[in-house]
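The values are calculated or read from the model by the stated rules, or taken from the named source; none is laboratory data. None of the values given here were measured: they were computed from a predicted structure. So basically every Cβ, Gly included, is an ideal-geometry build from the backbone, and we count neighbours across all protein chains shown.
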Amino acid sequence: MVARTRFTLGEEDIPKAWYNISADLPVPQAPPLHPGTHQPLGPADLAPLFPMALIMQEVSTEREIEIPDPVRELYKQYRPSPLVRALRLEKALDTPAHIYYKYEGGSPAGSHKPNTAIPQAFYNKEEGIKRIATETGAGQWGSALAHAGAMFGLEIKVYMVRASYDQKPYRRLMMETYGASVVASPSMETAAGRAILAEHPNSTGSLGIAISEAVEDTVMRDDTHYSLGSVLNHVMLHQTVIGLESIKQMEMAGEEPDIIIACAGGGSNFAGISFPWLGMTFRGGRKYRIIAVEPEAAPSMTRGRYAYDYGDTAKMAPVVKMYTLGHDFIPEPIHAGGLRYHGMSPQVSLLKHEGFIEARSVHQRPCFEAGVQFARTEGLIPAPESTHAIRAAIDEALEVKKTGEKKVILFNLSGHGYFDMTSYQRYLEGKLEDYEYPAAEVKHALEAVEA
(Lines give C-alpha, C1' and ligand atoms only; values in the text may rest on other atoms or scores of the structure.)
Protein backbone atom coordinates (compact mmCIF):
# COMPACT_ATOMS: atom_id res chain seq x y z
CA MET A 1 0.00 0.00 0.00
CA VAL A 2 1.43 3.38 -1.06
CA ALA A 3 1.39 6.03 1.67
CA ARG A 4 -0.45 9.26 0.96
CA THR A 5 1.96 11.94 -0.23
CA ARG A 6 -0.06 15.13 -0.74
CA PHE A 7 -2.15 16.96 1.85
CA THR A 8 -4.35 19.75 0.49
CA LEU A 9 -6.84 22.12 2.07
CA GLY A 10 -9.80 23.96 0.55
CA GLU A 11 -10.27 27.70 0.06
CA GLU A 12 -12.32 27.78 3.25
CA ASP A 13 -9.17 26.72 5.11
CA ILE A 14 -7.16 29.80 4.12
CA PRO A 15 -6.45 31.46 7.48
CA LYS A 16 -8.82 34.26 8.40
CA ALA A 17 -6.21 35.91 10.62
CA TRP A 18 -2.44 36.16 10.65
CA TYR A 19 -0.56 34.99 13.75
CA ASN A 20 1.44 37.66 15.57
CA ILE A 21 4.30 36.11 17.54
CA SER A 22 4.78 39.40 19.43
CA ALA A 23 1.86 38.34 21.63
CA ASP A 24 3.77 35.27 22.85
CA LEU A 25 7.45 36.22 22.81
CA PRO A 26 8.96 35.26 26.19
CA VAL A 27 11.41 38.17 25.91
CA PRO A 28 10.38 41.64 24.71
CA GLN A 29 11.73 42.85 21.40
CA ALA A 30 14.09 45.84 21.47
CA PRO A 31 12.47 48.94 19.90
CA PRO A 32 13.58 50.18 16.47
CA LEU A 33 15.46 53.49 16.50
CA HIS A 34 15.30 56.57 14.30
CA PRO A 35 18.33 56.55 11.94
CA GLY A 36 19.03 60.23 12.66
CA THR A 37 18.33 60.64 16.37
CA HIS A 38 18.74 57.01 17.54
CA GLN A 39 15.65 57.52 19.68
CA PRO A 40 12.82 54.93 19.66
CA LEU A 41 10.67 55.25 16.56
CA GLY A 42 7.04 56.28 16.84
CA PRO A 43 4.26 55.77 14.30
CA ALA A 44 4.70 59.32 12.97
CA ASP A 45 8.34 58.59 12.12
CA LEU A 46 7.31 55.68 9.88
CA ALA A 47 4.37 57.44 8.22
CA PRO A 48 6.45 58.73 5.25
CA LEU A 49 7.38 55.13 4.43
CA PHE A 50 4.38 52.93 5.24
CA PRO A 51 0.58 53.10 5.45
CA MET A 52 -0.70 53.44 9.01
CA ALA A 53 -2.34 49.99 8.93
CA LEU A 54 1.08 48.37 8.44
CA ILE A 55 2.68 50.60 11.07
CA MET A 56 0.05 49.45 13.57
CA GLN A 57 0.74 45.84 12.65
CA GLU A 58 4.46 46.47 13.11
CA VAL A 59 3.96 47.43 16.77
CA SER A 60 0.91 45.29 17.58
CA THR A 61 0.89 42.75 20.39
CA GLU A 62 -2.48 41.23 19.44
CA ARG A 63 -2.16 37.49 18.81
CA GLU A 64 -4.45 37.46 15.77
CA ILE A 65 -4.81 40.16 13.14
CA GLU A 66 -7.70 39.75 10.73
CA ILE A 67 -6.89 39.24 7.05
CA PRO A 68 -8.99 41.63 4.90
CA ASP A 69 -11.40 39.95 2.49
CA PRO A 70 -9.79 41.45 -0.66
CA VAL A 71 -6.47 39.94 0.46
CA ARG A 72 -8.01 36.51 1.09
CA GLU A 73 -9.67 36.67 -2.34
CA LEU A 74 -6.28 37.16 -4.01
CA TYR A 75 -4.75 34.48 -1.78
CA LYS A 76 -7.23 32.11 -3.44
CA GLN A 77 -5.18 32.35 -6.65
CA TYR A 78 -2.64 30.01 -5.06
CA ARG A 79 -3.55 29.23 -1.45
CA PRO A 80 -3.78 27.01 0.45
CA SER A 81 -0.42 25.67 -0.73
CA PRO A 82 0.16 21.90 -0.62
CA LEU A 83 2.03 19.91 1.99
CA VAL A 84 3.85 16.98 0.39
CA ARG A 85 5.58 13.97 1.88
CA ALA A 86 8.87 13.40 0.06
CA LEU A 87 8.63 9.61 -0.15
CA ARG A 88 10.96 9.32 -3.14
CA LEU A 89 13.61 11.41 -1.42
CA GLU A 90 13.23 9.32 1.73
CA LYS A 91 13.75 6.15 -0.34
CA ALA A 92 16.82 7.58 -2.09
CA LEU A 93 18.33 8.49 1.28
CA ASP A 94 17.33 5.13 2.79
CA THR A 95 16.33 6.96 5.94
CA PRO A 96 13.69 6.14 8.55
CA ALA A 97 12.91 9.86 8.73
CA HIS A 98 9.60 11.10 7.38
CA ILE A 99 10.23 14.24 5.30
CA TYR A 100 7.48 16.74 4.50
CA TYR A 101 7.73 19.98 2.57
CA LYS A 102 5.36 22.92 2.30
CA TYR A 103 5.49 24.06 -1.33
CA GLU A 104 5.16 27.81 -1.86
CA GLY A 105 6.24 27.78 -5.53
CA GLY A 106 2.69 27.71 -6.91
CA SER A 107 2.07 31.43 -6.41
CA PRO A 108 2.05 33.88 -9.34
CA ALA A 109 5.61 34.95 -8.44
CA GLY A 110 6.75 31.37 -7.89
CA SER A 111 7.56 31.86 -4.21
CA HIS A 112 6.16 32.73 -0.77
CA LYS A 113 6.59 36.48 -1.35
CA PRO A 114 3.00 37.27 -2.49
CA ASN A 115 1.82 36.38 1.02
CA THR A 116 3.02 39.84 2.09
CA ALA A 117 3.12 41.67 -1.25
CA ILE A 118 -0.65 41.39 -1.62
CA PRO A 119 -1.57 42.87 1.80
CA GLN A 120 1.10 45.55 1.49
CA ALA A 121 -0.30 46.65 -1.88
CA PHE A 122 -3.84 46.50 -0.48
CA TYR A 123 -3.11 48.73 2.53
CA ASN A 124 -1.23 51.23 0.38
CA LYS A 125 -4.12 51.38 -2.07
CA GLU A 126 -6.54 51.91 0.83
CA GLU A 127 -4.46 54.89 1.98
CA GLY A 128 -4.51 56.48 -1.46
CA ILE A 129 -0.89 55.79 -2.40
CA LYS A 130 -0.25 55.67 -6.17
CA ARG A 131 3.32 54.34 -6.32
CA ILE A 132 5.58 51.97 -4.34
CA ALA A 133 9.38 51.80 -4.42
CA THR A 134 11.17 48.66 -3.32
CA GLU A 135 14.33 46.60 -3.67
CA THR A 136 14.78 43.00 -4.70
CA GLY A 137 17.63 40.51 -4.45
CA ALA A 138 16.94 37.42 -6.53
CA GLY A 139 13.84 39.02 -8.01
CA GLN A 140 11.23 36.94 -6.21
CA TRP A 141 10.14 39.85 -4.03
CA GLY A 142 10.14 42.28 -6.93
CA SER A 143 8.06 39.82 -8.96
CA ALA A 144 5.58 39.45 -6.11
CA LEU A 145 5.16 43.18 -5.58
CA ALA A 146 4.90 43.77 -9.33
CA HIS A 147 2.06 41.22 -9.45
CA ALA A 148 0.34 42.77 -6.42
CA GLY A 149 0.73 46.23 -7.91
CA ALA A 150 -0.97 45.06 -11.08
CA MET A 151 -3.84 43.59 -9.05
CA PHE A 152 -4.43 46.91 -7.20
CA GLY A 153 -3.48 49.37 -9.96
CA LEU A 154 -0.28 50.68 -8.36
CA GLU A 155 2.91 51.85 -10.05
CA ILE A 156 5.91 49.80 -8.87
CA LYS A 157 9.59 50.84 -9.02
CA VAL A 158 12.12 48.10 -8.28
CA TYR A 159 15.82 48.53 -7.49
CA MET A 160 17.24 45.09 -8.32
CA VAL A 161 20.65 44.09 -6.94
CA ARG A 162 23.09 44.25 -9.86
CA ALA A 163 24.38 40.67 -9.39
CA SER A 164 20.86 39.28 -9.77
CA TYR A 165 19.91 41.81 -12.47
CA ASP A 166 22.70 40.29 -14.58
CA GLN A 167 22.22 36.64 -13.49
CA LYS A 168 18.41 36.52 -13.71
CA PRO A 169 17.13 38.46 -16.75
CA TYR A 170 13.84 36.57 -16.81
CA ARG A 171 12.98 37.73 -13.32
CA ARG A 172 13.41 41.30 -14.54
CA LEU A 173 11.23 40.55 -17.57
CA MET A 174 8.60 39.02 -15.32
CA MET A 175 8.44 42.22 -13.27
CA GLU A 176 8.24 44.34 -16.39
CA THR A 177 5.48 42.12 -17.80
CA TYR A 178 3.45 42.89 -14.67
CA GLY A 179 4.10 46.59 -15.34
CA ALA A 180 6.94 47.39 -12.93
CA SER A 181 9.92 49.60 -13.74
CA VAL A 182 13.21 47.85 -12.90
CA VAL A 183 16.74 49.28 -12.63
CA ALA A 184 20.01 47.66 -11.58
CA SER A 185 21.28 48.72 -8.15
CA PRO A 186 23.48 50.59 -7.47
CA SER A 187 22.03 52.99 -10.05
CA MET A 188 22.59 56.55 -11.18
CA GLU A 189 19.01 57.43 -10.21
CA THR A 190 19.70 58.15 -6.53
CA ALA A 191 22.39 59.92 -4.54
CA ALA A 192 23.04 56.69 -2.62
CA GLY A 193 23.57 54.75 -5.84
CA ARG A 194 25.78 57.41 -7.41
CA ALA A 195 27.98 57.52 -4.29
CA ILE A 196 28.52 53.74 -4.38
CA LEU A 197 29.31 53.76 -8.10
CA ALA A 198 31.76 56.62 -7.68
CA GLU A 199 33.75 54.54 -5.19
CA HIS A 200 33.07 51.11 -6.71
CA PRO A 201 32.21 51.45 -10.43
CA ASN A 202 31.89 47.68 -10.86
CA SER A 203 29.85 47.06 -7.70
CA THR A 204 27.68 43.93 -7.84
CA GLY A 205 25.36 45.60 -5.34
CA SER A 206 23.69 44.34 -2.20
CA LEU A 207 20.27 44.39 -0.61
CA GLY A 208 21.54 47.05 1.78
CA ILE A 209 22.41 49.34 -1.14
CA ALA A 210 19.15 48.62 -2.97
CA ILE A 211 17.17 49.38 0.21
CA SER A 212 18.96 52.73 0.48
CA GLU A 213 17.99 53.59 -3.09
CA ALA A 214 14.35 52.58 -2.61
CA VAL A 215 14.04 54.55 0.66
CA GLU A 216 15.64 57.61 -0.93
CA ASP A 217 13.26 57.32 -3.89
CA THR A 218 10.34 57.17 -1.45
CA VAL A 219 11.18 60.19 0.69
CA MET A 220 11.72 62.35 -2.40
CA ARG A 221 8.12 61.90 -3.60
CA ASP A 222 4.75 62.60 -1.99
CA ASP A 223 2.89 59.92 -3.98
CA THR A 224 5.21 57.05 -3.03
CA HIS A 225 5.56 54.61 -0.16
CA TYR A 226 8.28 52.08 0.49
CA SER A 227 7.69 48.34 0.66
CA LEU A 228 9.99 45.70 2.15
CA GLY A 229 9.76 41.98 1.41
CA SER A 230 11.40 40.68 4.58
CA VAL A 231 12.95 41.65 7.95
CA LEU A 232 10.16 43.79 9.47
CA ASN A 233 7.54 42.48 11.91
CA HIS A 234 4.55 43.04 9.63
CA VAL A 235 6.23 40.99 6.89
CA MET A 236 6.85 38.12 9.31
CA LEU A 237 3.20 38.42 10.34
CA HIS A 238 1.81 38.08 6.81
CA GLN A 239 3.92 35.01 6.08
CA THR A 240 2.41 33.04 8.98
CA VAL A 241 -0.30 31.78 6.63
CA ILE A 242 2.34 29.17 5.69
CA GLY A 243 2.77 27.77 9.19
CA LEU A 244 -0.91 28.04 10.09
CA GLU A 245 -1.81 25.91 7.08
CA SER A 246 1.00 23.46 7.81
CA ILE A 247 -0.35 22.80 11.31
CA LYS A 248 -3.69 21.68 9.84
CA GLN A 249 -1.96 19.65 7.15
CA MET A 250 0.35 17.83 9.54
CA GLU A 251 -2.77 16.89 11.50
CA MET A 252 -4.20 15.48 8.26
CA ALA A 253 -0.99 13.48 7.86
CA GLY A 254 -1.37 12.15 11.40
CA GLU A 255 2.11 13.31 12.41
CA GLU A 256 3.84 16.16 14.20
CA PRO A 257 7.25 17.49 13.21
CA ASP A 258 10.30 16.95 15.36
CA ILE A 259 12.42 19.25 13.20
CA ILE A 260 11.30 22.36 11.27
CA ILE A 261 13.66 23.88 8.69
CA ALA A 262 13.73 26.88 6.34
CA CYS A 263 16.32 28.98 4.57
CA ALA A 264 16.90 32.46 5.99
CA GLY A 265 18.10 35.66 4.36
CA GLY A 266 15.97 38.38 5.92
CA GLY A 267 13.80 35.82 7.71
CA SER A 268 10.37 35.94 6.06
CA ASN A 269 9.82 32.39 4.80
CA PHE A 270 11.55 31.04 7.90
CA ALA A 271 9.19 33.01 10.12
CA GLY A 272 6.24 31.98 7.98
CA ILE A 273 6.71 28.26 8.56
CA SER A 274 8.10 28.37 12.11
CA PHE A 275 6.34 31.15 14.05
CA PRO A 276 2.94 29.43 14.39
CA TRP A 277 4.67 26.27 15.68
CA LEU A 278 6.80 28.35 18.07
CA GLY A 279 3.65 30.10 19.27
CA MET A 280 2.19 26.77 20.31
CA THR A 281 5.41 26.03 22.20
CA PHE A 282 5.31 29.38 24.01
CA ARG A 283 1.71 28.79 25.04
CA GLY A 284 2.61 25.52 26.72
CA GLY A 285 2.88 23.09 23.83
CA ARG A 286 5.52 20.69 22.60
CA LYS A 287 9.02 21.92 21.75
CA TYR A 288 10.48 21.52 18.27
CA ARG A 289 13.99 21.76 16.86
CA ILE A 290 13.79 24.70 14.51
CA ILE A 291 16.70 25.37 12.14
CA ALA A 292 17.37 28.47 10.05
CA VAL A 293 19.81 27.85 7.19
CA GLU A 294 21.82 30.71 5.73
CA PRO A 295 24.60 30.96 3.12
CA GLU A 296 28.22 30.76 4.18
CA ALA A 297 28.79 33.90 2.09
CA ALA A 298 26.38 35.94 4.27
CA PRO A 299 26.18 34.16 7.63
CA SER A 300 24.59 36.84 9.80
CA MET A 301 23.29 34.54 12.55
CA THR A 302 26.22 32.15 12.67
CA ARG A 303 29.08 34.66 12.31
CA GLY A 304 27.51 38.09 12.88
CA ARG A 305 27.00 40.24 15.95
CA TYR A 306 23.71 40.74 17.80
CA ALA A 307 23.53 44.51 17.96
CA TYR A 308 21.73 47.62 16.79
CA ASP A 309 22.54 48.29 13.14
CA TYR A 310 21.16 50.08 10.12
CA GLY A 311 19.02 48.08 7.75
CA ASP A 312 20.68 49.68 4.72
CA THR A 313 24.06 50.87 3.51
CA ALA A 314 23.32 54.61 3.36
CA LYS A 315 21.90 54.63 6.92
CA MET A 316 18.45 55.87 5.92
CA ALA A 317 16.36 52.93 7.13
CA PRO A 318 15.43 52.35 10.80
CA VAL A 319 18.10 51.05 13.16
CA VAL A 320 17.09 47.67 14.59
CA LYS A 321 18.57 45.14 16.97
CA MET A 322 19.45 42.09 14.92
CA TYR A 323 22.20 39.72 13.94
CA THR A 324 24.33 41.68 11.48
CA LEU A 325 27.51 41.47 9.47
CA GLY A 326 27.65 45.26 9.31
CA HIS A 327 25.61 47.55 7.06
CA ASP A 328 28.70 48.22 4.89
CA PHE A 329 29.25 44.51 4.17
CA ILE A 330 28.56 43.44 0.58
CA PRO A 331 28.25 39.65 0.21
CA GLU A 332 29.74 37.77 -2.70
CA PRO A 333 27.40 37.33 -5.72
CA ILE A 334 26.07 33.88 -4.87
CA HIS A 335 23.12 32.62 -6.90
CA ALA A 336 20.82 32.58 -3.85
CA GLY A 337 20.41 36.33 -4.27
CA GLY A 338 17.48 36.48 -1.85
CA LEU A 339 19.82 35.46 0.99
CA ARG A 340 22.49 38.12 0.31
CA TYR A 341 21.59 40.42 3.18
CA HIS A 342 23.85 41.72 5.92
CA GLY A 343 21.23 41.41 8.67
CA MET A 344 18.32 39.33 9.90
CA SER A 345 14.76 39.97 11.03
CA PRO A 346 14.79 41.41 14.58
CA GLN A 347 12.19 38.84 15.67
CA VAL A 348 14.14 35.92 14.19
CA SER A 349 17.35 37.36 15.68
CA LEU A 350 15.79 37.59 19.13
CA LEU A 351 14.64 33.97 18.95
CA LYS A 352 18.13 32.85 17.93
CA HIS A 353 19.79 34.95 20.65
CA GLU A 354 17.51 33.48 23.30
CA GLY A 355 18.14 29.91 22.13
CA PHE A 356 14.66 29.08 20.79
CA ILE A 357 15.95 28.36 17.29
CA GLU A 358 19.20 27.10 15.74
CA ALA A 359 21.16 28.50 12.81
CA ARG A 360 23.68 26.96 10.44
CA SER A 361 25.48 28.18 7.32
CA VAL A 362 26.23 26.18 4.17
CA HIS A 363 28.12 26.70 0.92
CA GLN A 364 26.25 26.96 -2.37
CA ARG A 365 27.73 23.86 -4.07
CA PRO A 366 26.42 21.42 -1.41
CA CYS A 367 23.09 23.27 -1.64
CA PHE A 368 22.86 22.79 -5.40
CA GLU A 369 23.84 19.14 -4.94
CA ALA A 370 20.84 18.80 -2.63
CA GLY A 371 18.65 20.73 -5.06
CA VAL A 372 19.54 18.39 -7.93
CA GLN A 373 18.89 15.32 -5.77
CA PHE A 374 15.52 16.76 -4.80
CA ALA A 375 14.66 17.49 -8.44
CA ARG A 376 15.59 13.96 -9.50
CA THR A 377 13.48 12.36 -6.79
CA GLU A 378 10.56 14.73 -6.15
CA GLY A 379 10.35 16.28 -9.62
CA LEU A 380 10.49 19.96 -8.60
CA ILE A 381 13.46 22.21 -9.32
CA PRO A 382 13.87 24.39 -6.22
CA ALA A 383 15.01 28.00 -6.06
CA PRO A 384 18.67 28.42 -5.04
CA GLU A 385 17.49 29.91 -1.74
CA SER A 386 15.28 26.88 -1.03
CA THR A 387 18.16 24.45 -1.64
CA HIS A 388 19.62 25.62 1.66
CA ALA A 389 16.61 24.19 3.49
CA ILE A 390 16.77 20.99 1.42
CA ARG A 391 20.46 20.60 2.26
CA ALA A 392 19.72 20.78 5.97
CA ALA A 393 16.71 18.46 5.68
CA ILE A 394 18.82 15.85 3.88
CA ASP A 395 21.62 16.19 6.42
CA GLU A 396 19.15 15.72 9.30
CA ALA A 397 17.59 12.70 7.57
CA LEU A 398 21.03 11.13 7.16
CA GLU A 399 21.77 11.72 10.86
CA VAL A 400 18.52 9.92 11.68
CA LYS A 401 19.68 7.06 9.46
CA LYS A 402 22.73 6.59 11.72
CA THR A 403 20.61 6.18 14.84
CA GLY A 404 17.67 4.37 13.25
CA GLU A 405 15.35 6.59 15.27
CA LYS A 406 12.24 7.79 13.46
CA LYS A 407 12.04 11.57 13.15
CA VAL A 408 9.55 13.76 11.30
CA ILE A 409 11.13 16.61 9.35
CA LEU A 410 9.14 19.53 7.96
CA PHE A 411 10.76 22.12 5.71
CA ASN A 412 9.55 25.07 3.70
CA LEU A 413 10.20 24.86 -0.04
CA SER A 414 9.93 28.61 -0.47
CA GLY A 415 9.96 28.77 -4.26
CA HIS A 416 10.74 27.12 -7.58
CA GLY A 417 13.94 27.58 -9.57
CA TYR A 418 12.64 27.77 -13.13
CA PHE A 419 14.04 31.29 -13.58
CA ASP A 420 17.36 30.20 -12.10
CA MET A 421 18.49 27.64 -14.64
CA THR A 422 21.74 29.47 -15.43
CA SER A 423 22.81 28.76 -11.84
CA TYR A 424 21.98 25.08 -12.27
CA GLN A 425 23.89 25.17 -15.56
CA ARG A 426 26.96 26.46 -13.74
CA TYR A 427 26.61 23.75 -11.11
CA LEU A 428 26.15 20.94 -13.64
CA GLU A 429 29.15 22.20 -15.64
CA GLY A 430 31.29 22.28 -12.50
CA LYS A 431 31.75 26.06 -12.65
CA LEU A 432 29.89 27.04 -9.48
CA GLU A 433 32.12 28.57 -6.80
CA ASP A 434 32.04 28.27 -3.04
CA TYR A 435 32.96 31.60 -1.44
CA GLU A 436 34.89 31.43 1.79
CA TYR A 437 33.60 33.36 4.76
CA PRO A 438 35.12 36.85 4.34
CA ALA A 439 36.28 37.28 7.93
CA ALA A 440 38.41 40.37 7.29
CA GLU A 441 35.64 42.17 5.37
CA VAL A 442 33.08 41.40 8.06
CA LYS A 443 35.44 42.54 10.79
CA HIS A 444 35.91 45.82 8.96
CA ALA A 445 32.16 46.28 8.42
CA LEU A 446 31.39 45.49 12.06
CA GLU A 447 33.69 48.29 13.20
CA ALA A 448 30.88 50.68 12.27
CA VAL A 449 28.30 48.74 14.31
CA GLU A 450 27.45 49.61 17.90
CA ALA A 451 28.08 46.95 20.53
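One table, with the values for the structure above:
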quantity	calculated
Selection status of Gly36, more than 20 Å from His147 (Cβ to Cβ), without any contact (Cβ under 8 Å) to a residue 40 or more places away in the chain and either surrounded by 14 or more Cβ atoms within 10 Å (Cβ to Cβ) or not aromatic (Phe, Trp, Tyr) (or both)	yes
Thr61 vs. criteria more than 18 Å from Leu244 (Cβ to Cβ), surrounded by fewer than 16 Cβ atoms within 10 Å (Cβ to Cβ) and among the polar types (S, T, N, Q)	yes
Hey, Glu245 under 30 Å from Thr422 (Cα atoms) and touching a residue at least 12 places away in the same chain (Cβ under 8 Å) or not	no
Total residues in the range 218-246, condition in a helix (DSSP H, G or I) and either modelled with pLDDT of 95 or more or buried (at least 20 other Cβ atoms within 10 Å of the Cβ) (or both)	14
Odd one out for Ser185 among (1) farther than 28 Å from Pro35 by Cα; (2) of a type in the set (S, T, N, Q); (3) buried (at least 21 other Cβ atoms within 10 Å of the Cβ)	(1)
Residue within the range 247-255 that is under 15 Å from Glu64 (Cβ atoms), at pLDDT 95 or above and part of a helix (DSSP H, G or I) present	yes
Residue tally, condition of a type outside the set (Val, Ile, Thr), part of a helix (DSSP H, G or I) and touching a residue at least 24 places away in the same chain (Cβ under 8 Å), over the range 194-217	9
Within the range 123-147, considering residues that are in contact (Cβ under 8 Å) with a residue 40 or more places away in the chain, part of a helix (DSSP H, G or I) and of a type in the set (A, V, I, L, M, F, W, C), the one surrounded by the most Cβ atoms within 10 Å (Cβ to Cβ)	Leu145
Selection within the range 364-389 - over 19 Å from Arg6 (Cβ atoms), of a type in the set (Asp, Glu) and out of contact with any Cys (no Cβ under 8 Å at 6 or more places or on another chain)	Glu369
Cross-chain or 6+ apart pairs with Cβ under 6 Å, the range 98-111 first and over 22 Å from Ala392 (Cβ atoms), then of a type in the set (A, V, I, L, M) and crowded, with 23+ Cβ neighbours inside 10 Å	Ala109/Ala144
Test: residue in the range 341-353 that is among the aromatic types (Phe, Trp, Tyr) and at pLDDT 95 or above	no
Sole exception among (1) surrounded by fewer than 19 Cβ atoms within 10 Å (Cβ to Cβ); (2) hydrophobic (A, V, I, L, M, F, W, C); (3) in contact with a strand residue (DSSP E or B) (Cβ under 8 Å, 6 or more places away or on another chain) for Ile357, by number	(1)
Some residue of the range 65-77 being polar (S, T, N, Q), closer than 30 Å to Phe374 by Cα and buried (at least 19 other Cβ atoms within 10 Å of the Cβ)	no
Leading residue by the ranking (modelled with the lowest pLDDT) among those in the range 320-333 that are surrounded by fewer than 24 Cβ atoms within 10 Å (Cβ to Cβ) and either more than 27 Å from Tyr424 (Cβ to Cβ) or of a type in the set (A, V, I, L, M) (or both)	Asp328
So Ala336, is it aliphatic (A, V, I, L, M) and either surrounded by fewer than 24 Cβ atoms within 10 Å (Cβ to Cβ) or modelled with pLDDT of 90 or more (or both)	no
Within the range 377-391, considering residues that are assigned to a helix (DSSP H, G or I) and over 15 Å from the mean Cα position of the chain (by Cα), the one surrounded by the most Cβ atoms within 10 Å (Cβ to Cβ)	Ile390
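Rundown of residues vs (1) under 23 Å from the mean Cα position of the chain (by Cα); (2) modelled with pLDDT of 95 or more, yes/no style:
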site: Glu176; (1), (2): yes, yes
site: Asn202; (1), (2): no, no
site: Ile209; (1), (2): yes, no
site: Ala262; (1), (2): yes, yes
